Amino acid sequence: MRAECYCPRGRTTAYDPPLAEFTVLYTSLDPHYSEEQLQPAPGPTTGIVLEGEVHITTGADKAEIYSKAGGVNFVTAAQKFQLHAVARGSTEIFWSTVIV
């Protein structure tokens with residue numbers, strides 16, 4: 001499985017499993033690097049918060065989602081979204097998406 005940095009801020013890594021249908025992203029935020037921006041994907045993106053708390057702002061309408069550990073989040077296709085860690089400790093999120 002190939003891994004590479006996915007976002008300009010370097011807080012998200014893309015893991016390409018041996019399937020063309022989807023990509024797994026891992027985002028790690030902490031008090032020093034508490035923000036990340038994910039680019040639009042051609043398909044929907046689903047995220048699971050493993051640790052911490054995150055505030056997610058999506059799309060042009062600035063829809064807001066608050067999620068904590070155990071929360072599952074859904075972002076529709078073609079939406080850029082901003083992540084901001086709310087918890088004082090680390091925040092970890094795994095995403096499943098389509099990257100062409």
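To put it simply, the accessible area of the chain at a 1.4 Å probe is 56 percent carbon and sulfur. Remark: spin-label model distance THR13-VAL86 equals 2.7 nm, labels positioned 7 Å along the Cα→Cβ axis.
Between the entries [x] 5.8; [y] 7.7; [z] 11.4, the label attached to mean projected area of the Cα convex hull in nm² calculated for this structure is [x].
Sequentially through region 90-96, phi angles give Karplus couplings (6.51, -1.76, 1.60; θ = phi - 60°) of 7, 10, 10, 9, 9, 10, 10 Hz, Gly and Pro residues having no value and appearing as x.
Taking the chain as a Gaussian network, Cα atoms linked when under 10 Å apart, which of ILE65, ILE48, ILE56 shows the biggest mean-square fluctuation? So, out of ILE65, ILE48, ILE56, the one fluctuating most is ILE65.
The values are calculated or read from the model by the stated rules, or taken from the named source; none is laboratory data. Every value quoted in this text rests on a predicted model; they were computed, and no experiment measured them. No Cβ is skipped: glycine too gets one built from the backbone with ideal geometry, and neighbour counts run over all protein chains shown. Ligands, DNA and RNA are excluded from the accessible area calculation, which covers all protein heavy atoms including side chains. Shrake-Rupley method; radii C 1.70, N 1.55, O 1.52, S 1.80 Å.
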